[in-house]
Amino acid sequence: MKYLIVVLVAVIVGWIALRNRERRPPPRRPGAGAARAQTIVACSHCGVHVPLADAVQGPAGPFCSEAHRLAHAKQERAR
Ligand SMILES: [Zn+2]
């Protein structure tokens, strides 16, 4: 009877430990955040900051939109 109680307590402790381990979120890999980092550039027309991947490239540099690339070109022609 004494051993039955010891075995029962060991099973309960093991079950609780297993439950707590399953609830823990998976560990974050180091460098996972760095892989998502983006290069940010300033629009050559208005100066707003946009990710390089979303920027429109023009002769005067990156622009936040096609409209600002055209507006900048028009402004340069007027000079
Ligand atoms: Zn702009």
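The values are calculated or read from the model by the stated rules, or taken from the named source; none is laboratory data. Please read these numbers as outputs of a predicted model, since none were measured by experiment. Glycine gets a Cβ as well: all are built from the backbone with ideal geometry, and neighbour counts include every protein chain shown.
Side notes on the structure shown:
- Checked against (1) at pLDDT below 80; (2) small (Gly, Ala, Ser); (3) touching a helix residue (DSSP H, G or I) at 6+ places or on another chain (Cβ under 7 Å), Ser44 meets all criteria but (1).
- Residue count for region 50-64 satisfying the condition of being touching a Cys at 6+ places or on another chain (Cβ under 8 Å) and farther than 14 Å from Thr39 by Cβ: 3.
- Consider region 47-79 and keep the residues that are more than 11 Å from the ligand (Cβ to nearest atom), among the small types (Gly, Ala, Ser) and loosely packed, with under 13 Cβ neighbours inside 10 Å. The one that is modelled with the highest pLDDT is Ala53.
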